[in-house]
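Structure first, then comments.
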């Protein structure tokens, strides 16, 4: 599997993009940076998008992507919790703000087809095994583990913790993309919003190590650009103290499993 970090931050600026990933050429994880990161040819290659939750920065580009690719003859499967898909269809692509691409260009061959998944469910998408993992956040949310015949990777999506199911899963991911939105001094804010900080991540990893759980390579994403320097320094300290590899991501960084 080839993984490209389309966006590594929680806000879009001139230099940053919303957290979003491209797996191989045809599968996206969340949709906040698809329009600003992909060429026309790359957009036309998409066949599926896994959606972690209903917040706007993770759904944002689906209407524009629908407009840009509605004539290419490809129906893109959207996979997410029923609450996520309901918010998408009733608010963002309701036929008022944007066209209902679950019915256009035609009901028989729509641009998007909704596929509801539940926590713990294993399904096949874009030629890969996938598993949804419930995570604690301010909205109902899941992360995803993907597995090919060469290995597995995992994405927490937005979460305030709950890493153990990813670390202990039978798919055994060797790469775990974890959000670290705020610096450690903003721990109260992070807890209230269902996000992680380097100190909260430290607690999760230290507890896992104390139980004898091995930790895969950690890629930190969804960072607040305004405090990124502090977040990166604190992540470096956590990495050194625990002996765990933690890599803060940047836009367009690539990995292979």
Strands (runs of 3 or more DSSP E) wholly inside region 193-257 containing at least 3 residues that are touching a strand residue (DSSP E or B) at 6+ places or on another chain (Cβ under 8 Å), touching a residue at least 40 places away in the same chain (Cβ under 8 Å) and surrounded by 20 or more Cβ atoms within 10 Å (Cβ to Cβ)
217-221
Cβ contacts < 6 Å: first residue farther than 20 Å from residue 20 by Cα, restricted to region 162-179; second residue assigned to a helix (DSSP H, G or I) and modelled with pLDDT of 95 or more, any location; separation 6+ or different chain. Result?
167/208
Lone unmet requirement of (1) over 18 Å from the mean Cα position of the chain (by Cα); (2) part of a loop (DSSP other than H, G, I, E, B) for residue 113:
(2)
Residues satisfying the stated conditions in region 60-84, i.e. in a loop (DSSP other than H, G, I, E, B) and within 30 Å of residue 193 (Cα to Cα):
60, 61, 81
Restricting attention to region 39-59, and to residues there that are touching a strand residue (DSSP E or B) at 6+ places or on another chain (Cβ under 7 Å) and in a loop (DSSP other than H, G, I, E, B), which single residue is farthest from residue 8 (Cα to Cα)?
47
What's the number of the only condition in (1) surrounded by fewer than 14 Cβ atoms within 10 Å (Cβ to Cβ); (2) under 16 Å from the mean Cα position of the chain (by Cα) that residue 39 fails to meet?
(2)
Failed item in (1) buried (at least 22 other Cβ atoms within 10 Å of the Cβ); (2) assigned to a strand (DSSP E or B); (3) over 18 Å from the mean Cα position of the chain (by Cα), with residue 101 passing the rest
(2)
Apart from one, (1) surrounded by fewer than 22 Cβ atoms within 10 Å (Cβ to Cβ); (2) touching a helix residue (DSSP H, G or I) at 6+ places or on another chain (Cβ under 9 Å); (3) on the phi > 0 side of the Ramachandran plot all hold for residue 30; the odd one out is (1)
Inspect region 64-72 for any residue being within 19 Å of the chain's Cα centre (by Cα), within 21 Å of residue 12 (Cβ to Cβ) and surrounded by 17 or more Cβ atoms within 10 Å (Cβ to Cβ) and give the result as yes or no.
yes
Would you confirm, using the coordinates I've provided, whether residue 69 is more than 27 Å from residue 231 (Cβ to Cβ), in contact with a helix residue (DSSP H, G or I) (Cβ under 6 Å, 6 or more places away or on another chain) and modelled with pLDDT of 95 or more?
yes
Output for region 4-27, where each listed residue is in contact (Cβ under 8 Å) with a residue 40 or more places away in the chain, within 14 Å of residue 126 (Cβ to Cβ) and surrounded by 22 or more Cβ atoms within 10 Å (Cβ to Cβ):
21, 23, 27
In region 165-185, anything over 21 Å from residue 7 (Cβ atoms) and outside any helix (DSSP H, G or I) is listed as 169, 170, 171, 172, 174
So if I check each of 162, 157, 95, 120, which one is crowded, with 21+ Cβ neighbours inside 10 Å, outside any strand (DSSP E or B) and on the phi > 0 side of the Ramachandran plot?
157
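The values are calculated or read from the model by the stated rules, or taken from the named source; none is laboratory data. If you're wondering where the values come from, they're calculated on a predicted model, not measured in any experiment. Methodologically, a virtual Cβ is constructed for each residue, glycine included, from the backbone with ideal geometry; neighbour enumeration extends over all protein chains shown.
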